[in-house]
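See below for the structure under consideration.
The values are calculated or read from the model by the stated rules, or taken from the named source; none is laboratory data. Given the structure is predicted, the values throughout are model-derived calculations rather than measurements. Reconstructed Cβ throughout: ideal geometry from the backbone, glycine too, with neighbour counts over all protein chains shown.
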Amino acid sequence: MDWRNSGLTIAVRDMKLKKRYLYIIAAAAVILLTVKIVAAQNQNTLKDAVMKEISGIASSRINKNVLYVHNDSGDTSRFFAISPSGQLLSTFYFKADAAHKDANVIDCEDIAVGPGPKKAKSYVYLGDIGDNRAERSFITIYRFSEPGVIGMKAASSIPADAIRLKYPDGAHDAETLMVDPIDRLFYIITKREDSVGVYTAPLNASFTDTIMLQKKCKLYFTGFPLMKWVTAGDISADGKQLLVKSYQNVYYWKRQPGEPVWKTLERKPATLPYTPEKQGEAIGFTPDGKAYYTTSEGKNAPIYYYQIPK
C-alpha cells in the first residue's frame, strides 16, 4: 500500500470538506443577512424626522388606526397623530401652562387616552412629568378633547386644560402616566428609585388650583439600577389590564373586579415579550386590549407590535 498516495487522498478529501463547510457557512450568512434586511424593510418605523425623541404612545379611541405620540424635553408644545406604520398624519400645537418659563412645556414623558369631564367624550392626556434633577415645584398634565378628524400631515392648534399636580413627599422624576377609566384616576409612577412610588389624582381635578397627589404604594422590580427604571405604562380602554415597562422588561397584570389599580400593581406581574430598544420609553395598548405597541427615541425608530399571550 502506498502511504504517500493514501495521505494525499485524505488531504484532498479534507480540503474538499473544508471548502464545502465554508460554502455552507457563507450561504447561511447570506441567508441570515437577507432575513435581517427583509425584516428591516418590513419594520414599521417613525417616518418623519420631527419625531426623533418619542417618549409616549397611545391609541385613539375615536379614530381607527391612529396612534398619538410626542417628543420629550427640548421640543415645543405639540403632539402627533400617526398611523401604526409610522406615517405622520397630524401635528397638534397647544398653549402650555403660562406658569412655565417661556410658556413652553418642560419635559413631556407620557401620553394617555381616556374619559374626562364630559360623558361619552374621549380625551388625550399629555404628561409633562419629567424632572431629571427632582427640582420642580409642580408637574402638569395637559388635557385635550380628542380630535375627531385626522388629516394627512395637517397642522392645527388644539385647546388645552393644564392640570397642576404636586407630590406630597418632594419632587420626583417620572415617565409613566396612566388613566384609570373605572375609578377615574390619574396614575403616575416614578422612574429612578430602587422602589418606585405610585401616585394618584382625580381625573376631574381642578385646572385652577395645584392638586396634591396621593401616594398609594411602592413597587420593587428586580434588575440593574438603570435598566429597571420605569419608563412607561398604560391601562387598557376597559380598565381590566395594565402594562408597565422598564428599559429591559414589559410587565403585565390582569385587574380583578373591584380592585384598585395600585392593588393590582402590588401583585406579581407576568413578563411579556419585548425587543430591547435604543431608548425605549413608550408603551400603549391597542384599542381592543389584545396587543400593545412600543417605540423608542431616535430617528426613524421602530414601532413594535406584540400580541398579548392568551
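The single condition among (1) more than 14 Å from the chain's Cα centre (by Cα); (2) in the same structural domain as Asn132 (by TED's automatic domain parsing) that Ala58 does not satisfy is (1). For the stretch 154-170, the set of residues classified as more than 19 Å from Gly56 (Cα to Cα), among the small types (Gly, Ala, Ser) and in a strand (DSSP E or B) consists of Ala154, Ala155, Ser156, Ser157, listed by residue number.
For every residue, the table says whether it meets (1) modelled with pLDDT of 95 or more; (2) in a strand (DSSP E or B); (3) in contact with a Phe, Trp or Tyr (Cβ under 9 Å, 6 or more places away or on another chain); (4) not charged (D, E, K, R).
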position	(1), (2), (3), (4)
Val113	yes, yes, yes, yes
Lys121	yes, no, no, no
Pro147	no, no, yes, yes
Met152	no, no, no, yes
His172	yes, no, yes, yes
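In the stretch 199-258, the qualifying residues are those that are among the acidic types (Asp, Glu) and more than 16 Å from Thr176 (Cβ to Cβ), and the one that is surrounded by the fewest Cβ atoms within 10 Å (Cβ to Cβ) is Asp209.
Search the stretch 86-111 for residues being in a loop (DSSP other than H, G, I, E, B) and loosely packed, with under 13 Cβ neighbours inside 10 Å, and hand back the single one that is modelled with the lowest pLDDT. Across the stretch 86-111, the extreme among qualifying residues is Ala99.
If you check Asp234 against the conditions, is it assigned by TED's automatic domain parsing to the domain that holds Ser122, in a loop (DSSP other than H, G, I, E, B) and among the charged types (D, E, K, R)?
The answer is no for Asp234.
No other residue among Thr140, Thr190 is touching a Lys or Arg at 6+ places or on another chain (Cβ under 6 Å), among the polar types (S, T, N, Q) and either closer than 23 Å to Val69 by Cβ or surrounded by fewer than 18 Cβ atoms within 10 Å (Cβ to Cβ) (or both) apart from Thr140.
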